[in-house]
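Read through the structure below, which is laid out as structure tokens, and then see the notes.
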Amino acid sequence: MLKLEHLSKVYRGGKKAVDDLNLDIKKGEFIVFIGTSGSGKTTALRMINRMIEPTSGKILINDEDVTKKNPVTLRRSIGYVIQQIGLMPHMTIRDNITLVPRLLKWEKDKKNKTAEDLLKLVNLPESYLDMFPSQLSGGQQQRIGVLRALAANQDLILMDEPFGALDPITRDTLQDLMKDLQQRLGKTVVFVTHDMDEALKLADRICIMHDGQVIQCDTPDNILSNPANQFVKEFIGSHRLVQEKPSAKLVDEVMITPVTISLEKSLDEAIRTMVQKRVDTLFVVDGQNILKGFIDVESITSERHRTQSVADAMDKDVFYVKNETKLQDTVRRILKRNLKNIPVVDADHKLVGLITRAHIVDMVYDTIWGDEDIEEQSTI
Ligand code: ADP
Ligand code: MG
């Protein structure tokens, strides 16, 4: 859907910020530009929506040359997000989400419907629409910020280090949310970062830039296993390079069945289930088996009324992975966040499994012993 052909930018004064950039981006692709400061990432991004005019080369969106389009119309048809700016405190959540649609003069019904639909996607209740940012938790406010970037329903979204200023945990959560929404809504995203972990996590393809040129543009796996040159190797960092065959196992292949409890049960029943099943965490699901939260034995304090419902007592900020996630990535997250375990959900957010810390042991074992059986067979 987006083609960059021999794209270059020479600034007044002679600085060649982007040098013969060629790239063919498919619809629904998540492309990440990464490089050191001054490598030309922002310049490349801003040429796409003509905030910066190219010195030479062409940009085609759906085979149409963007220089032939009216720059204002063009810019409105492309989402552009710079550092995640906070929500407007005096505006309701609804108005915050629909900030851009309002600038685009959408009709009220369409704006409202968009706000409602987006809120559903992040599992927040509709009643939040009329609340103000200060009534939401910090994490919830950040999620609304991500929704705002998607609200104008543009097919192509440009993001320039949107999560750069956030603490690691918040960044991790918003990366997950962004990736999930991008996939579900089929958006094409061009994302700029200087954080390799962020690039590896989000990208379908990573384009590594240096001095205005793209040094390598490939899938995260290919870049890790076949870095184009010494520069890329150093940029990735030796700790990330794939030395051995990567464990390509997906979580579905190894996950276990989690112990669940439904929303309407009492805390007393939850405790009984924990004792009976010998677990310290219960995952809370609704009638459709959709993951709603979790209950941890440590959070059940004596002050709590045991008659309280699970729905009231549970922790709603549950961290999860999708069923097609790689085991390797999942284990990395468990370690990074110091989690005891992590539930696995399908595309409909239904709970389908659980990865525990014990899986880490399996994975280490797997990496050391690899596909021993297969190799034996192949020598026969
Ligand atoms: P990045 O986003 O990768 O840090 P930029 O695209 O912002 O890089 O900048 C690329 C190069 O172009 C840098 O050397 C920068 O100093 C230079 N540059 C950026 N904007 C201008 C400008 N308006 N005028 C002159 N030089 C610029
Ligand atoms: Mg920049």
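The values are calculated or read from the model by the stated rules, or taken from the named source; none is laboratory data. Everything numeric here is computed off the predicted structure, so don't read it as measured data. We place every Cβ from the backbone using ideal geometry, glycine too, and count neighbours over all the protein chains shown. Accessible surface is based on the protein model in full, side chains and every heavy atom, while ligands, DNA and RNA are left aside. Shrake-Rupley method; radii C 1.70, N 1.55, O 1.52, S 1.80 Å.
Which residues in region 146-165 place their backbone N less than 19 Å from a point set 7 Å from the Cα of residue 77 along the Cα-to-Cβ direction? Inside the label zone: 150-159. Averaged per residue, the chain has 52 square angstrom of accessible surface, using a 1.4 angstrom probe with ligands and nucleic acids left out. Between the amide H of residue 216 and those of 208, distances stay under 5 Å, these residues lying 5 or more places away or on another chain, with hydrogens modeled in the peptide plane.
Spacing of the modelled spin labels on residue 231 and residue 289, each 7 Å from Cα toward Cβ, amounts to 5.1 nm. Label-to-label distance, residue 316 versus residue 107, with points set 7 angstrom from Cα along the beta-carbon direction: 3.2 nm. Counting protein heavy atoms only, the chain has 50 percent of its accessible area on carbon and sulfur, 1.4 angstrom probe.
Each stretch of four or more DSSP H residues adds -39500 (n - 2.57); spread over every residue of the chain, this sum gives -10500 deg cm²/dmol at 222 nm. Remark: spin-label model distance residue 10-residue 276 equals 7.7 nm, labels positioned 7 Å along the Cα→Cβ axis.
Applying 1/(1 + (r/R0)^6) with R0 = 30 Å to the Cβ-Cβ distance of residue 65 and residue 170, what FRET efficiency is obtained, to the nearest 0.05? Don't skip to the end; give the middle numbers.
Working: r = 40 Å, r/R0 = 1.32.
Once the sixth-power term is evaluated, E becomes 0.15.
Strictly over 29 Å apart at the Cα level, which of 249/292; 111/265; 187/326; 326/350; 58/113 would you flag in this model? Let's see the in-between values first.
Values: 249/292 27 Å; 111/265 37 Å; 187/326 22 Å; 326/350 18 Å; 58/113 37 Å.
Checking Cα-Cα distances, 111/265; 58/113 exceed 29 Å.
For residue 253, project a label point 7 Å along Cα to C-beta. Then give me every residue of region 311-355 with its amide nitrogen under 11 Å of that point. Under cut-off, by backbone N: 326-328.
Phi angles across region 164-174 convert, under the Karplus curve 6.51 cos²θ - 1.76 cosθ + 1.60 with θ = phi - 60°, into 3J(HN,Hα) values of x, 8, 8, 5, x, 5, 4, 4, 4, 5, 6 Hz, Gly and Pro given as x.
Hey, got a sec? Which GluC sites (Glu not before Pro) in region 92-180 land in a DSSP loop and have at most 13 other Cβ atoms within 10 Å?
On the way: sites: 107, 116, 126; in loops: 107.
When the GluC sites (Glu not before Pro) of region 92-180 are filtered for loop state and at most 13 Cβ neighbours within 10 Å, 107 remain.
Assuming R0 = 41 Å, what is the FRET efficiency of residue 56 and residue 99, from their Cβ-Cβ distance, to the nearest 0.05?
Step by step, r from the Cβ atoms, then E = 0.70.
One decimal place: the segment residue 131-residue 239 gains 34.3 nm when fully extended, by the rule 0.36 nm per residue minus the C-alpha distance.
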